[in-house]
Every structure is written in C-alpha cells, then in structure tokens.
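**Student:** Dropping a structure here in structure tokens format, bear with me for questions.
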Amino acid sequence: MSVEERAKIGNSEEPVIIETGKYAKLTDGSVVVKQGGTAVLVTAVMSDEKNTEVDFTPLAVDYRERASAYGKIPGGFTKREGKPTDREILVARVIDRPIRPLFPEGFFHDVIITALTLSADDKYDPDVLAITGASAALHISRIPFEGPIAGVRVCKIGDEFYANPTYEQRKEAELDIVMAGTKDAIVMVEGGGKEIPEEVLADALFFGLSAIKDVIEAQERLRQKVGKPKFEFEKLQLPEEIQKALEEECTPKILEAFKIPDKKERYATLDKILEEFIEVHQIPEELQFAVKFFYKKLESRLMREKILKEGIRIDGRKPDEIRPIWIEIHPFERPHGNAIFTRGQTQAYVTATLGTPDEAMIVETIAEGEVFKRFMLHYSMPPFSVGEAKPWGPPRRREIGHGALAERAIEPLLPPEEEYPFIIRVVSDILESNGSTSMATVCGASLALFDAGVPMRDNKHVAGIAMGLIKEGERYVILSDILGDEDHLGDMDFKVAGTRDGITSVQMDIKVKGITKEIMLDALMQAKRGRLHILEKMYEAIPEPRKEANPYTPVVEVLQVPEEKAPLIIGPGGSTVKNIYDETGVKVWVGEGGRVYLFVYPGGDLQKARKMVEDIVREVEVGAVYEGTITRVEPYGVFVELWPGKIGLLHVSKMAEPVRSATEKYKVGDQIKVKVLDLDELGRPRFTTVGLEGETQALKVGQVVEGKVVRVEPYGAFIEYAPGRTGLLHVSRMKERVRDARQKFKVGDRLKVKVAEIDEQGRPKFSDDV
C-alpha cells in the first residue's frame, strides 16, 4: 500500500513529500522524499543478530548520486559511477551524525542506511531530503530509533532567512547551513558563511528548528498509518554485585588517573585499571564486553561530575582555558608556504602550494555540471599521530569531512580569482592528535597561506576552536579547546572557525534537549573569545602575508590585450602557449576580457615570454610591407612569420609570379618581402608579393609590350613581360579564337600583347589584338 504525506518546510517555495510502500519493499523501511523535481530513495535495513565485536551502534550510511538523476552520462573512460565522491561522503556524514545518537543505549545490531538520488532538478539539493528520508525510513521500520528528525538548509539572503532555498537563491547567500532537529531540539549543524556574527547564527538555528516541525509531524502521521512494531533487543546488563564493585573499586583510581597530563600515559593507566579489575574478579569472558562498556560509562560520568562540581578538567585547566600554543613559520625550505601549529598535544604541519589554472580540480556537480575548483584543502591523520602501529591507508570519511570543514573556513577569505589567479592547494598532516585537529588545520592553513604570500582579504587570519558543553538540569559548563577525552563527553560538541569579525565555518552535534537560544549564544560567545585569543598568537607569528615570497614560489604578471586577439595567443590546439612555455619556462593562461596571465616559476624568462605575447597581439597594418621568414611550405602557398607568433599565408594566387605549387619556388627558412593584403576573421594576415620584388614601371591599359610565353594552360597563356612579372592572355581575348590555348602557343614563344585591363592585385590581363 502506497502512502504519502506532505509538509510545508518553513518559507520554502514547495512542500516536502514523503512516500512509502511503493519502492524497495524488502527493506525494514523505505521512503522516497521529494521536493520539486528532486527525489531521494532512502532505505533502512537491520541485521537480526547482534554484533559482538563493537561497543557502539554499528551504523553505516551510504549516499549515492546517479548522473542519470540530472540527465547526464558520467565522465571518464568507464562511463559509470565508481567509488563514492567527496560530495557523496560528506552528505553521508550529515545523514549519519544526527541519527547516530538516537539509537538506544546498548543497541548493537548492524544498521545500514542507503540513500539514492532518483531525480535531481535545478532547484533543490537532495542532501537535506536524504536526512529526512533516513529518519522516516527508521521511524516506520522495526528498528529501535528515538526520532523522528528532519533536515533543512537555512540560508541568510539580505536580511531574511530562507528554508531549503533554490540553487539560484543560494548564490546570493552570506550564510548557508544544513541542520537537523527533533520537534524541540537541534541535533546537528554543518555549514558556513561570510564572517557571520554569532547572534545571526543563533537566530538562523532557531529559525531552522521552527521550519522542520511540519515535516516531523508528517513522519509521525506516516508511522501511525504504516509503522511496524519496534524490535525488542537484548539490553546490555551486568550482575548487580559486579556493577557495584566496578563503581566502588574503580572510581578513586579513575579520578587519580585523570590527574595525569600526558595523554598516552593517562590512557595506559585507565586501561590497566580495567584489566586489573577483570583479573581480580575473574570476570568470565561472556561478561567482559559488558564490563568494558560500563567502565567507559563510569569514566565519562566521573569526568562530567568533576567538571560540573569542581570546574576543573582532566588536564587541570579551567573550562575556558586554552592549551599553550606554539607556532613555527616556514620550518622547511621548499614548500611555497608551510607552518607548524601546535596546541597542547595537538600538532598540524600545513603546507600551501600555488599552481596554474590548468591544475584546477574538475568537479561534477548537480547544480552546475563540471566546475573548476581553484581551492583545495586536504587533511590527513596518519596512525602515528596517536601512537598507533598501523600502516597509513587512503583517506577515510573522517579525514574528508575534516578537510571540508577547514576548507569552508578558509575559502571566504581568499582573494578574488581575477586578482589572484593561482590554484591553491593546502595539505594538513596531523603529527600529534589530542583533540581539535580540524581546528588546528584551520589555524595552520591560514599561517601557511600567509607564508606563501597569498593576499588574504584585508590581511585576515582565520582560526578555529573546538568546544564542548555539559548540561545537568539548569546547570551547564562550556569547555573551550576540548581534548580527545572530552570529545564525546559533552552534551553539545561544536567547532567554530572564523576571523576577528565573524564565523566562516561551523559544525555542531547536540545530544540533549533544552539548549535554549541564550545557552547557544553563551557557548558561541565563549568560542569567540577563544578564537580571538588564538588569532592574537597567529598575528604575533606572522602579522600579514609575505610581500616577497620565497624563491621557490611562482609569481604572476597580468597583461591586458584586445579581447578579440586573445585566441591568437592560445594558437591552434594550444600550440602557441605550449611554444612559449617550451622557450621560456613561463606558463601562459588566457582569461576573460583579454586578461593574459604569465605564471613564472624559478628559472623562467618572464621578459622573453612577455615580448612573445606582445608580438603576437602586435597590430599588423594592412598595406604595409614586411620582411618575414617562411616557416611552412604547402602546395597552395607558404606561411610567413613576421615576428614570433605572427604568421600569415601567402597563397599561390597572390604571388607576383604564379606557380602550380609553392614547393617549386620556396623552402622553409627563406627570407621574403610581403605586403599585407588583408586580415582574416581571426586577425591573421594574408599576404601578396605583387608589386614588390622585380617590379618594373607600372603598366597602363592599352600599352603594348613584348613578352615570352612561360606557361600554357587550356584557358590561356602566361606571358612574362619583365623578369618575374607575368600576365594572362585568356582564350577569350585572343584575336584567333581557339578552344585550347595549347593548340596555338607553346612555352618559349615570343609575341607582342596589349594590356586589356589590370586586376585588383595589379596583374595585367592581355589581348593579342595589337
């Protein structure tokens, strides 16, 4: 039975439609969520058996976009979709994060959420529909789930907030966030803006929370109609005596371990406490999993209590205290820009590399098709950063997510492309990890870009900080610059990056109800104070982008040429720019509006490259005579280069002495004097030699001259009347008419002829009526 529910989502132009019972019916739950012409199928499937190898909910989310959904065939040789793209991974993460905390504690059955874009129009992004679809599929299924939630995109355009705006509207947005929430609580936020004030972000979040209420009610109605009874799973339990012993014996030891400042030593001590407890009490193997689970819970509870009661964190800091910061600028010679950013036991080595436009990344998107990506930020966290003896594998979802978060923080401060045409790649390698590595990446990226001499807007640094919030009843404590131990401790974990003037990137995960606007704003303002403290340290290290980049960094010079001449610089198939690069080591990129960029790497000859470009666009004057060099010979004519890059054709028909094939008379390298006859539609010159070399006194109509036959064709004879000067005696102008001139004349014959006319090229046409 197919069932459909509709819901208005804030002030969005079109409703959200949730449909079930028609597609993918062998799953535990499946829905199609639509808005406009965009539709996403989302399915939920649960394993019947418990996964005994993990102590967390084994949830996996896959999001896939088919090119067919927006009427395209995939690029590449295989012409089919391959591994998930970065975009698909990032959307999968924003589906995963809000639903993961809503599975009940102790639920260890594998759950797979799959979202497939069926149709994608040019208005609505399917990502937020997939969040709603995941919730709806779980809510109507047998899978235990403490939802529903709904997803919404909130943008600020001008003075107004918009829910699920169109792609066209989003181009004008100064704030663009994706968020998810229950009927009375925000649970996830991901997005950024153009230096947004904290108050505006708080307003946007609560606007979004009110916008999703109808969509949540629609899911409740759907469950009432088609919902399945929820699966009764076996909850994790410990015998009461073991539970009591665990708390009594381990609590004082755990609190003592919390005083150890070094992360590795603290972890080792906490692990040893658990091992000793299991050994002393001879815990049977079948209960050891439960003991470890409840031991972790005890750790978290004690950590929270310590902070709430004493206001002291496990490393001895106050809630708003930031760890010591150490910065090193350009520690290594060859990277264009590089920096080390260290905060406590978190350390990032970040490099900035400048490239030319042909090195841009090509990304295929639903909204715009293929686009060139000029800024890339890649984040890597090798296992050695946490002291693990593991090989370093390919990028994981977490690494791609952290890179995107940092990239979004930096991008609004990059100089405009027309002013700074370099392609920019930033790479962050985490050398030590104890919390907040993505925010260390933001700080390190800003420092590396300054070191590379990138003229960031208004010379502004960007810094980031990871925050936590613990709430019990009406009491709450906000933690600045959280440790790895504190990452999952809080009721609200959030990361905020920005400048002195506002927020550029934000990520939040909220696990409790009751976070009011006032609490949210309080948390954001404490994050701002922390961000400003970090920015001060960064400005002390490098106050502005370097005016003189290091010798290994490329530089760019911009030339302005007539727009219609720009194609000449590129040349057929890019041959001219390639030739310039081969001769000078300078990369030439032709932009819009006649702007030509010369990218000079160490050892490149900028002066020569500049002259070559200027020669190409130099004006050729029609009627002027030039000396040139023959660069190519074809039967139909020769190509003459006047100066580097300025080549034109001298056709056999425009030669003073016509020949059957130009190869009979000319060879490559010959010097020749030519006159510019005209310019073709691409501005290339066309030449003639008529009236130049070997020229005698100009003939006049009616004048009689004596000459020699040098060539005979069926249509007439060519008469040489002076060295190198010929004219045609056509059969139609012969006194004695013949069908074929070869019947009357042969090469070498001498005769007198009269000038009947002179054509536009200055060549005489003869008659033999003398």
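**Student:** Show that you can apply the helix-only estimate: for the chain, add -39,500 (n - 2.57) for every DSSP H stretch of four or more residues, divide by all residues, and state [θ] at 222 nm to the nearest 500.
**Tutor:** After summing the helix terms and dividing by residue count, I get -8500 deg cm²/dmol.
**Student:** At what distance in nm do the modelled label points of Glu681 and Glu13 sit from each other, each positioned 7 Å from its Cα along Cα→Cβ?
**Tutor:** Between Glu681 and Glu13, the simple spin-label model gives 3.8 nm.
**Student:** For segment 193-318, report the accessible area per residue in Å² (1.4 Å probe, heavy atoms, rounded to an integer).
**Tutor:** Accessible surface, normalised per residue, equals 57 Å².
**Student:** Then there's this: Given labels modelled 7 Å from the Cα in the Cβ direction, how far is it in nm from Asp262 to Asp110?
**Tutor:** Each label point is offset 7 Å from its Cα along the Cβ direction, giving 4.0 nm.
**Student:** At 0.36 nm per residue, minus the direct Cα-Cα distance, what do Ala624 and Asp582 gain on full extension? Give it in nm, one decimal, please.
**Tutor:** 12.0 nm
**Student:** I've got another one for you. Projected area of segment 615-670, taken from the Cα convex hull and averaged over every viewing direction, in nm²?
**Tutor:** 3.9 nm²
**Student:** For Thr663 and Val738, FRET efficiency with R0 = 41 Å and r from the beta-carbon atoms, rounded to 0.05?
**Tutor:** 0.85
**Student:** Counting other C-beta atoms within 10 Å, and keeping those with at most 12, which DSSP coil GluC sites (Glu not before Pro) do you find in segment 384-458?
**Tutor:** Qualifying residues, ordered by number: Glu388, Glu418, Glu419.
**Student:** So what J values fall out for segment 411-422 if you push phi through Karplus, 6.51 cos²θ - 1.76 cosθ + 1.60 with θ = phi - 60°, rounded to Hz, Gly and Pro as x?
**Tutor:** Once rounded to whole Hz, the list reads 3, x, 9, 5, x, x, 4, 5, 8, 9, x, 5.
**Student:** If you take the alpha carbon radius of gyration of segment 666-766 and divide it by 2.2 N^0.38 Å, what ratio comes out, to two decimals?
**Tutor:** Computed over Cα atoms of segment 666-766, the ratio equals 1.24.
**Student:** Let's test the formula: R0 of 51 Å, r as the Cβ-Cβ distance of Lys79 and Glu540. What FRET efficiency results, to the nearest 0.05?
**Tutor:** Calculated transfer efficiency: 0.45.
**Student:** If you stretched the chain out fully between Glu172 and Phe56, how much longer would it get, using 0.36 nm times the residue separation minus the C-alpha to C-alpha distance?
**Tutor:** Answer, rounded to one decimal: 37.6 nm.
**Student:** Quick one, could you list the DSSP H helices from the chain stretching 15 Å or more along their long axis (Cα atoms) with average Kyte-Doolittle hydropathy of -0.5 or above?
**Tutor:** In the chain, the long hydrophobic H runs are 86-99, 126-140, 198-211, 397-410, 437-451, 517-541, 606-617.
**Student:** Along the Cα→Cβ direction, 7 angstrom out, place labels at Ser300 and Tyr552. What is the inter-label distance in nm?
**Tutor:** According to this spin-label approximation, the distance is 4.5 nm.
**Student:** Got the relative contact order for segment 387-515 handy, in percent, Cα pairs under 8 Å and 6 or more residues apart?
**Tutor:** 23 percent
**Student:** What full-extension length gain, to one decimal in nm, is calculated for Gln243 and Arg475 as 0.36 nm per residue of separation minus the Cα-Cα distance?
**Tutor:** 80.7 nm
**Student:** While we're looking at this one, here's another question. After finding the eigenvalues of the alpha carbon gyration tensor for segment 646-711, what semi-axes result from the square roots of 5 times each, listed largest first in whole Å?
**Tutor:** Semi-axes, largest first: 25, 16, 11 Å.
**Student:** Which percent of the accessible heavy-atom area of the chain goes to carbon and sulfur, probe 1.4 angstrom?
**Tutor:** 51 percent
**Student:** Using Cα-only point scatterers and the Debye equation, what is log10 of I(q)/I(0) for segment 1-72 at each q in 0.12 Å⁻¹, rounded to two decimals?
**Tutor:** Rounded to two decimals, the profile gives -0.49.
**Student:** Starting from the eigenvalues of the Cα gyration tensor, five times each then square-rooted, give me the equivalent ellipsoid semi-axes of the chain, largest first, whole Å.
**Tutor:** 76, 31, 22
**Student:** If you average the alpha carbon positions of segment 126-177 and of segment 47-93, how far apart do those two centres end up, in angstrom?
**Tutor:** The distance from the Cα centre of segment 126-177 to that of segment 47-93 comes to 19 Å.
The values are calculated or read from the model by the stated rules, or taken from the named source; none is laboratory data. Just so we're clear, the structure is a prediction, and the values are computed from it rather than from any experiment. Backbone-built Cβ (ideal geometry, glycine too); neighbour counts: all protein chains shown. Surface accessibility is based on the protein's heavy atoms, side chains included, excluding ligands, DNA and RNA. Shrake-Rupley method; radii C 1.70, N 1.55, O 1.52, S 1.80 Å.
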